[in-house]
Amino acid sequence: MTQPLLGVERLGVTYPGRGFRRPASAVLKEVSIEIAHGETLGLVGESGSGKTTLGRAILGLAPVTSGRIIFDGEDISHAGRSERRRLAKDLQVVFQDPYTSLNPAMTIESILAEPLQAAGAPTQEARARIRELLDQVGLPADAARRLPREFSGGQRQRVAIARALALSPRLIVCDEPVSALDLSTQARVLDLFIEIQERTGVAYLFVSHDLAVIRHISHRVAVMYRGEIVEQGDAELVTSEPEHPYTQRLLLAAPVAHPVRQEKRRAERFRLRELHREQNLQSGALPARV
Amino acid sequence: MPMTNKRRLSVLAAAAVAVLALSACTGQDGSSGGGDDQGPRTLKLGVSSELLSYDPVDLNGGGEGNLLWMPVYDRLLTITPDNGLEPGLATEWAFDDSFSVLTLELRDGVTFSDGAPFTAETVKANIENLKASSSTEAGIVAPIEEVVPVDENTVEFHLASYDPTLLYQLGLAAGVMASPEALGTEEIKLNPVGSGPYTLDDQGSVRGSELIYVKNDEHWNSDAYPYETLVFKTYQDITARLNAAKSGEVDGAPITSAAAAEAEAAGLTITNTPAGWLGLGLFDRAGQIAPELADVRVRQAINYAFDKQAILENVEQGYGYATSQTFAEGQPGYDPELDNRYEYDPEKARELLAEAGYPDGFDLTIPDLPHMAAYTPIIADQLKDVGINVTIKPVAPTDTLAEMFGGQNAAFAMEFGGTSIGQITALSTQSVWNIFKSTDEELSQLVSVAYKATEEDEQDKTYREVNRWVVDNAWFAPWYMKDSIFVTSSEVTVEPWVTNVTPLISSFAPAK
Amino acid sequence: MVAFICRRLLSGVALVFVVSALTAFLIFAGGMDIARNILGTNATEEQVAQRAAELGLDRPAWQQYADWLGAALTGDLGRSYFSSEPVLQALSTRLPVTLSVVLTAVLVTAVLSAALGVLAAVRRGWVDRFVQLANVVVGAIPNFWLALVLVSVFALNLRLFPATGYVPFLESPAGWLLSITLPVASLVIGGLGAAMIVRSSVIDVLRLDFVRTLRSRGLSQREVLTKHVMRNAAPPFLTVMSLAFIGMFGGAVVIEKVFAIPGVGTLANNAAQRGDVPLVLGVVSVTVAVVVVVNLVIDILNGWLNPKVRVQ
């Protein structure tokens, strides 16, 4: 078996309680995932499930309290700033909100040049690379001189992707990168992700709450529920015949453009929720918040 | 580009650091509280208001202003701290027997700062300039019908009427002599052209803030002025003035009675002198708008109604002395017996009111003059106690003068400074202070005798007659003689100028 | 950009007209007897009327204002009714004094409140709570009271600074610095509320995703702050600074009084009380002009630091 690009082993993230004697809250519990080279792992779950935290933990933005994160054979669970700088070449991020993910005070050129300069690229080379990147994400070359506010959400997300691609990383953590976009833009940006992957062989950890999006882009899918991975496997399998009741419910929650089938699904979803609640009660967990 | 951002921010940061560093290092060696940088022979005084103009027609007699213009202008006569007269630009002066001609012998060899000589013609030019102006002081020289230069050093004032205050006024603003060339120009408002013991350092001075005077060694009485340089700093705020004195930034300053305790605690020397009397003026003595006041018993009752000592203690911190007369202690005409003439006695007041036919009191309206606002409630309170029901009438600051001198009020709170002869002339029907033009034959007789008194003993005796009459007839209801307070550092000694707010500039000397 | 500056300057000129007209109206409507003020209590009615006629005070208010305006447009602001000092001369000695105090205070306020605000936003915890508490306490202290306390401690007791007065910079730079330290401190302490604006805008920017992106790449706190956060947090801060400048200009009236500083505040105050119309109008117009220019400079600075608000 070849070594995976990213391996997360029994990862735990716990935020200290805010204020005096507030209990600490465990956001991730014993989470384990793997991502191979050039692979997309879709991470799905409802908001608050901890999927975003997992992405942030990999990027060093959340405190790792137990377990390990192995990137390219190296433990980066507690990587310091200089290690992160080095890692930045291989590990990048695209965030959800295209309106806050770009520095509004900088031109697109400055935004794209920033990681290149930090990596020590000469100015001439950086210029050329910026043109190339803009071309790759389907933006006109004159975009470089403009400011983020002059672009639409989808275009901004393309800039964010270009920035993530600047250093030719091997893994990009995509934290709900299309959730803030309208449906047609979503489709085009997703296709861009896929096209880039086919061309560059980059791997994605693709975080989303939308099963349809996940199904479209992922090779494999991991389902997260209350800080734990409840189901993991082949994308086709997990999204069509889920084993875990939570995944089943998620699947049913995905919108379907057919009134009769939707009615049927709604009834099914209700039944599953009841079942799920019973299971929870039996296992001593709190009632499900739906 | 990020690199340029960084550079901009570091420039800002560097500037900030420079400012902080500079303030830190100068903060350490800045231990001197100020004082000696202009030499030991510099006198620095704090004053509360600025001198707006050096034009002789804009100068006036009272208050602090004297301190600011007397260094640069000689007057015909010189006033002493006890209000006596000494030679000034005139070395001798005398009235003729009929008091219609005043002859002045003038000092020889005096020149103005522009080089012009001082002569009899100069006196003529100055007096005529003043007479023709719309100045306050024009009224003082109005009785001088004609100024006749007899020769280079002799001048005669031909008088239309005799005014006993004329000589004293010739020691003040009305007697200021400026170079005839400069009279009536705009320039003289900013730069005095006089023959005084000092000249204005126009370059060093900042108008409205700091005036610097340099000694004029050519002055005929140069020896009487021990300081090479005078610096006057304006502090409108009493706290700032007091702080300047406490920190040694000035050697002396006029302060208020409320600040006196703090000044004393800080080791400053306090010089106080009676500046003027304070109380209720009872002007409608013929009862034109307040008929009750026509009865002398009512006016006396009002005099009895005030607890003068208590007001003095509470409002002026005891700086002054309670009295029933308008003449200040130590001045001609002052009668110690009159201080207690109307000692606080509300019972007596009620009896007098009953005798006058007002057993249940009466109504009286008092204007709430802004500059006397502290006293209005006291008046209402004390008079109410003896049965007089006071209505307080609000007064807008801009209406103050109209309310005071327009004849709309029978009585109001007043503060009145000045010399004994000033007290007497205020009784005249010519005076703005005789608001209802009150007259009395007996008083007129006493006043006309007092006017002609030129010898000290004679003045004291005749003024005393006037004083006693005014107190007996209760034309005013004085409470106390209020002190002016001047603080000085240990570097300086000073003699007060009786009846004035500030000492004379010639009264300051370095402490031994 | 040039068009923007021109537009702003033009509206500034209009503002000067409006404010000076309003001021003139207020003086004349106040019914103050200016000629009487000049001559004093003892002058007769005839003398007062004569002086009023000399100064043209007997004419309708609008005519007096129109005359002033006409002369002002040719650069002649007239002379003081009282001292006869040319108004321009009075302003040229007074305005630099006030400006040197106020601008220094604004600069120090900017540096300190930026530092405190960033510190509170970044460190949070007790530093943040301290800054917030201090802000409330300081905000509740009146300027003049603070000035009095500073004088009594640092000038009268410790004798570190002069209690009153002003030394021109050209006369002695060190003396100048000493003389303005306490006045500036009293203005600055009152203006430190700006730190709270910096704090909240830095916190807002720190929460944005682009900052996370930078962090994920291992950029240091300092780099993130200086290169990326400050510029975005600057606009509200600069706006507060321009308001602080206006506020301090107004507060200077009180501070100048406490420290006996010969600035434009005391000049205006005295002139207004006396009814010295040319001086009041001159001071008001020039002050408004200064405020307009400073605001313009701050706006330009804002655009330079942050293209987000740059005008098209």
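The values are calculated or read from the model by the stated rules, or taken from the named source; none is laboratory data. This one's a predicted model, so the numbers in the text were calculated from it and none came from an experiment. Cβ sites come from the backbone with ideal geometry, for glycine too, and all protein chains shown count toward neighbours. Heavy atoms of the whole protein, side chains included, go into the accessibility calculation; ligands, DNA and RNA do not. Shrake-Rupley method; radii C 1.70, N 1.55, O 1.52, S 1.80 Å.
At a glance:
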item: Highest to lowest packing among C:173-180, B:260-267, scored as the average C-beta count within 10 Å; result: C:173-180, B:260-267
item: Segment C:222-298 versus segment B:317-368: alpha-carbon centroid distance in Å; result: 53
item: Exceeding the 31 Å Cα-Cα cut-off - candidates B:K189/B:K437; B:K393/B:K437; B:K131/B:K482; result: B:K189/B:K437; B:K131/B:K482
item: FRET efficiency for A:S179 and C:A115, using Cβ-Cβ distance with R0 set to 51 Å, rounded to 0.05; result: 0.85
item: With every protein chain in place, segment A:6-239: carbon and sulfur % of accessible area (1.4 Å); result: 48
item: Extent along principal axes [Cα atoms of segment B:209-270; Å; largest to smallest]; result: 42, 23, 18
item: Measure of compaction for segment C:1-97 (Cα Rg per 2.2 N^0.38 Å); result: 1.33
item: Cleavage-rule hits (chymotrypsin sites (Phe, Trp or Tyr not before Pro)) in segment B:128-233: DSSP loop, at most 11 neighbouring Cβ within 10 angstrom; result: none
item: Cα-only Debye scattering, the protein assembly as shown: base-10 log of I(q)/I(0) at q = 0.07 Å⁻¹; result: -0.79
item: Reduction of at least 10 Å² in accessible surface, 1.4 Å probe, comparing all protein chains with the chain by itself, residues of segment C:196-216; result: C:L208, C:D209, C:F210, C:R212, C:T213, C:R215, C:S216
item: Straight-distance crosslink candidates among lysines, where the alpha carbon sits under 18 Å from B:K461 and sequence neighbours closer than 8 are dropped; result: B:K452
item: Packing-based ranking, highest mean first, of A:122-135, C:214-227 given that Cβ atoms within 10 Å are counted; result: C:214-227, A:122-135
item: Partner chain coverage, peptide C:57-64 - average Cβ within 10 angstrom; result: 0
item: For segment B:230-339, average projected area of the Cα convex hull in nm²; result: 10.1
item: Carbon + sulfur, % of accessible area of chain B - ligands and nucleic acids excluded, 1.4 Å; result: 49
item: Dipole moment magnitude, nearest 20 debye, the protein assembly as shown about Cα centre, only Lys, Arg, Asp, Glu C-beta charged; result: 10920
item: Relative contact order of segment A:74-221, pairs being alpha-carbon contacts under 8 Å that are 6 or more residues apart, as %; result: 30
item: Peptide-level mean, for B:248-260, of C-beta atoms on other protein chains within 10 Å; result: 1
item: Translational diffusion coefficient (Stokes-Einstein; Kirkwood radius from C-alpha pairs) of segment B:175-228 at 25 °C, 0.890 mPa s, in µm²/s; result: 199
item: Cβ-based charge dipole, the protein assembly as shown, positive-most Cα from B:A286, C:L107, C:L156; result: C:L107
item: Largest-first ellipsoid semi-axes for segment C:127-197, taking √(5λ) over the Cα gyration tensor eigenvalues, angstrom; result: 27, 14, 10
item: Rg [Å, one decimal], Dmax [Å, integer] - segment B:357-496, C-alpha atoms; result: 18.4, 61
item: Against the rule of thumb 2.2 N^0.38 Å, how large the Cα Rg of segment B:306-389 comes out; result: 1.23
item: Whole-number accessible area per residue in Å² for segment B:439-512, which is evaluated in the context of all protein chains at 1.4 Å; result: 45
item: Point-to-point label distance, C:S172-B:I238, nm (Cα→Cβ direction, 7 Å offset); result: 3.1
item: Kirkwood Rh, angstrom, segment A:6-239 [1 / mean 1/r, Cα pairs]; result: 18.2
item: Net dipole in debye of segment A:76-162 [+1 Lys, Arg Cβ; -1 Asp, Glu Cβ; about Cα centre; nearest 20]; result: 160
item: Two-decimal ratio, chain C, of alpha-carbon radius of gyration to 2.2 N^0.38 Å; result: 1.21
item: Descending semi-axes in whole angstrom, ellipsoid equivalent of segment C:1-54, from the Cα gyration tensor; result: 41, 10, 7
item: Residues in segment C:260-297 occluded by at least 20 Å² - accessible area, probe radius 1.4 Å, against chain by itself; result: C:A260, C:P262, C:N270, C:R274
item: Cα gyration tensor category, rounded, prolate or oblate, for chain B with a/c compared to 1.5; result: oblate
item: Chain pair C, B: total accessible area buried, heavy atoms, 1.4 Å probe, Å²; result: 4100
item: Loss of accessible area when C meets A, both sides summed, Å² nearest 100, probe 1.4 Å; result: 2100
item: Spatially proximal lysines relative to A:K51 (Cα-Cα < 17 Å; intrachain offsets below 8 disregarded); result: A:K29
item: Where labels lie 7 Å past Cα in the beta-carbon direction, separation of B:E181 and A:T200 in nm; result: 9.0
item: Distant alpha-carbon pairs in segment B:405-481 (separation over 20 angstrom), percent; result: 31
item: Test item: A:6-16 mean partner chain Cβ contacts at 10 Å; result: 0
item: Shielded residues, segment B:226-241 - accessible-area loss of 20 Å² or more between chain alone and all protein chains, probe 1.4 Å; result: B:Y235, B:Q236, B:D237, B:T239, B:A240
item: Protection proxy ranking, peptides A:240-247, C:186-193, average beta carbon neighbours within 10 Å, highest first; result: C:186-193, A:240-247
item: Net charge dipole size for segment A:1-145 [Lys, Arg +1 and Asp, Glu -1 on Cβ; Debye, nearest 20]; result: 720
item: Per residue value of the accessible surface for segment C:1-83 (all protein chains in place, 1.4 Å probe), Å²; result: 57
